[in-house]
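The values are calculated or read from the model by the stated rules, or taken from the named source; none is laboratory data. Here the structure is a predicted model, which is why all the values come from computation and not from measurement. All Cβ positions, glycine included, derive from the backbone under ideal geometry; neighbour counts span all protein chains shown.
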Amino acid sequence: MWFWLFYTPSLLIALIVVYIIGFTVMLVGAGYIAPRVARRVAKRFSLQASMAILGLVVVLSGLAGVGIVAYALLNILEVEVTAGFILSILILVLVLNVISYLTSPLMINIMFRAKSDPQLQRVVDEVALNLNFSKPPKAVLVEGPPNAFAYGNVLMGRYVAVSRSLMAMTTPDELRAIIGHELGHHKHRDNAIMLFMGLIPSVLYFLGVTLVRIGIISGYARSLSSRRREGGGGIVLVLAGVLAIVVSFIIQILILAFSRLREYYADSTGAYVTSPRAMQRALARLHVYYSGAPRAREEVAGSKLKALFIYAFTETYANPFYRYSHVVDPRSVDIDRVVEDLKRAETEDISEFFSTHPPIPKRIRFLDTLYYTRKY
């Protein structure tokens, strides 16, 4: 029956307060601090340097969060118990993520009805050769709105998925640019890197919630010796737990920013295998389609796999240049005019900082900064 002590009214109220504090910090960070920091970093550092700095900040923040938890626990528990507690949470989170990593390719293949396609495989082979892949990923056609994504693991191999609808609406050069983007994710090992990054806030969050739960149970504090109660006992654990949860929310914002940088990195690979203009046109066609297809946009926005997609809907449109009342064939528009319109589109919106992908206008403007010798 002791298990039900974790769900007392006081505990629930405390957790609600913790969540409110955490989300408030997230909103303030994403709405006020993050945009200003992002602009300064973008002006001073290259894309590679920005990714390295942000990745280092995430790791160091995670270590600091674990240090806070360890310090709080060491005030009332032995070193061995503290180490065992932290290690058990780490192993739990790691096991859950490894299981997801190993099973996700099979689940994706089933969910999207993935089928091998010789024509698509030839394009993937050609682009992979250009990028010096020793073994090209498997190319599969999937059903659904226009999109493409990269996935896989060490057991099932690497995949590049392209929806049938996307193949139908892009030119050969645009399709190669999209495939180059997805192969860029494989080349840069984004799946493994983002899996590792995702472990950090998850561990901190579970540590924080567990500390809050333990700290609130008065019986736990009373069971400690009087000498240890003088160190603060349950109050110290609750405060450390709250801080760990808040830090996990902040790190999650940083990881989303890191993910957006990886998308720019993959876009640069798509531009390299074709041209910046081909990559811009491909992104613009996706934008045109989703601007006029609210149902498809909702499907992408609600997908649990949207972090994988080349196009992941975000509210950051800021007055789209087109307002369609019905689906428009992206092949029927002057795509170069669309690209130029998108370059001028405003994109300041807090929702961007809760998205895994940068808004299309920013991605198109980024591609203008790349200088490759290949012809448009």
Given (1) buried (at least 23 other Cβ atoms within 10 Å of the Cβ); (2) at pLDDT below 95; (3) under 30 Å from Ser275 (Cα atoms), Val247 misses just (3)
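Quick one: which residue in Val333, Val338, Val273 is at pLDDT 70 or above, in contact with a His (Cβ under 8 Å, 6 or more places away or on another chain) and more than 17 Å from Pro358 (Cα to Cα)?
Working: Val333 fails: in contact with a His (Cβ under 8 Å, 6 or more places away or on another chain); Val273 fails: in contact with a His (Cβ under 8 Å, 6 or more places away or on another chain).
Sole residue among the options that is at pLDDT 70 or above, in contact with a His (Cβ under 8 Å, 6 or more places away or on another chain) and more than 17 Å from Pro358 (Cα to Cα): Val338.
More than 20 Å from Tyr264 (Cα to Cα), without any contact (Cβ under 8 Å) to a residue 40 or more places away in the chain and not in a helix (DSSP H, G or I): does that describe Leu141?
Criteria met by Leu141.
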Failed item in (1) farther than 18 Å from Ile178 by Cβ; (2) β-branched (Val, Ile, Thr); (3) touching a helix residue (DSSP H, G or I) at 6+ places or on another chain (Cβ under 9 Å), with Thr103 passing the rest = (3)
Among the residues of the stretch 27-47, is there at least one that is surrounded by 11 or more Cβ atoms within 10 Å (Cβ to Cβ), at pLDDT 70 or above and over 19 Å from Leu261 (Cα atoms)?
-> no
Test result for Arg285, touching a Leu at 6+ places or on another chain (Cβ under 9 Å), of a type outside the set (A, V, I, L, M, F, W, C), more than 27 Å from Ser50 (Cα to Cα) and modelled with pLDDT of 85 or more | yes
Look through the stretch 189-237, keep the residues that are modelled with pLDDT of 80 or more and more than 19 Å from Leu87 (Cα to Cα), and return whichever of them is surrounded by the most Cβ atoms within 10 Å (Cβ to Cβ).
-> Asp190
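Take Thr171 and decide whether it is modelled with pLDDT of 90 or more and surrounded by fewer than 21 Cβ atoms within 10 Å (Cβ to Cβ).
Working: modelled with pLDDT of 90 or more: yes; surrounded by fewer than 21 Cβ atoms within 10 Å (Cβ to Cβ): yes.
Against the criterion (modelled with pLDDT of 90 or more and surrounded by fewer than 21 Cβ atoms within 10 Å (Cβ to Cβ)), Thr171 qualifies.
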Taking only pairs six or more apart or across chains, which ones have beta-carbon atoms under 6 Å, a first residue in the stretch 182-193 that is within 15 Å of Val140 (Cβ to Cβ), and a second residue that is among the charged types (D, E, K, R) and not in a loop (DSSP other than H, G, I, E, B)?
-> His186/Arg158
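Go through Tyr290, Tyr265 for me and flag whichever is at pLDDT below 85, under 19 Å from Phe149 (Cα atoms), part of a helix (DSSP H, G or I) and touching a helix residue (DSSP H, G or I) at 6+ places or on another chain (Cβ under 7 Å). So that I can check it myself, show each step before the final result.
Values: Tyr265 fails: at pLDDT below 85.
That would be Tyr290, the only listed residue that is at pLDDT below 85, under 19 Å from Phe149 (Cα atoms), part of a helix (DSSP H, G or I) and touching a helix residue (DSSP H, G or I) at 6+ places or on another chain (Cβ under 7 Å).
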Just a yes or no: is a residue in the stretch 306-319 closer than 21 Å to His181 by Cβ, in contact with a Leu (Cβ under 8 Å, 6 or more places away or on another chain), modelled with pLDDT under 85 and not in a helix (DSSP H, G or I)?
-> yes
Identify the single condition in (1) part of a strand (DSSP E or B); (2) surrounded by fewer than 20 Cβ atoms within 10 Å (Cβ to Cβ) that Tyr159 does not satisfy, given that it satisfies every other one.
-> (2)
Would you mind finding the one in Pro105, Pro146 that is assigned to a loop (DSSP other than H, G, I, E, B) and either surrounded by 12 or more Cβ atoms within 10 Å (Cβ to Cβ) or aromatic (Phe, Trp, Tyr) (or both)?
-> Pro146
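Just to check your reading of the model, which residue among Ile193, Ile200, Ile179 is closer than 19 Å to Tyr272 by Cβ and either in a helix (DSSP H, G or I) or of a type outside the set (Ser, Thr, Tyr) (or both)?
Numbers: Ile193 fails: closer than 19 Å to Tyr272 by Cβ; Ile200 fails: closer than 19 Å to Tyr272 by Cβ.
Within the list Ile193, Ile200, Ile179, the selection yields Ile179.
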